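Every number here is computed from the coordinates shown, using simple stated rules; none is lab data. What you see is a predicted model; the values in this text were computed from it and never measured. Cβ sites come from the backbone with ideal geometry, for glycine too, and all protein chains shown count toward neighbours.
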Amino acid sequence: MRIDKFLNTVNITKRRAVSEDMCKSGVVSINSTVAKPSKEVKIGDIITIKFISKEVSYEVLELPVLKTIPKSEQGIYVRAI
């Protein structure tokens, strides 16, 4: 699954366009490598997002099958580090 689609599906970003812009700006990295929007996400990857005031990391636990998931099920797919 593409990183921009993954961030949107697991409710880390509100829209796919936002996650795509974040990737193009270079603030999203997978396993310490800056990720393009089309970069594929695998189970076990560490996704890091650099905001202005903080840095947040997530571990991919599972890849979603559905296009959208409830926010309450976010913990099934990612874990904050």
Check your understanding: Expressed as an acute angle from 0 to 90° and rounded to the nearest 10, what is the orientation of the C-alpha long axis of helix 16-25 relative to the principal long axis of the chain?
Key -> 30 degrees
Review point. Hey, can you rank 29-36, 62-69 by average C-beta count inside 10 Å, highest first?
Key: 29-36, 62-69
Point to revise | For the chain, size of Cβ-based charge dipole, Lys and Arg +1, Asp and Glu -1, in debye | key: 260 debye
Check your understanding: Out of (1) 29, 21, 13; (2) 27, 19, 12; (3) 17, 13, 12, which label holds the value of semi-axes √(5λ) of the Cα gyration tensor in Å that was computed here?
Key -> (3)
Study note, to complete from the structure: Spelling it out for Val78: with amide H atoms placed in the peptide plane at 1.01 Å from N, the residues 5 or more places away or on another chain with amide H under 5 Å from its amide H are Leu61
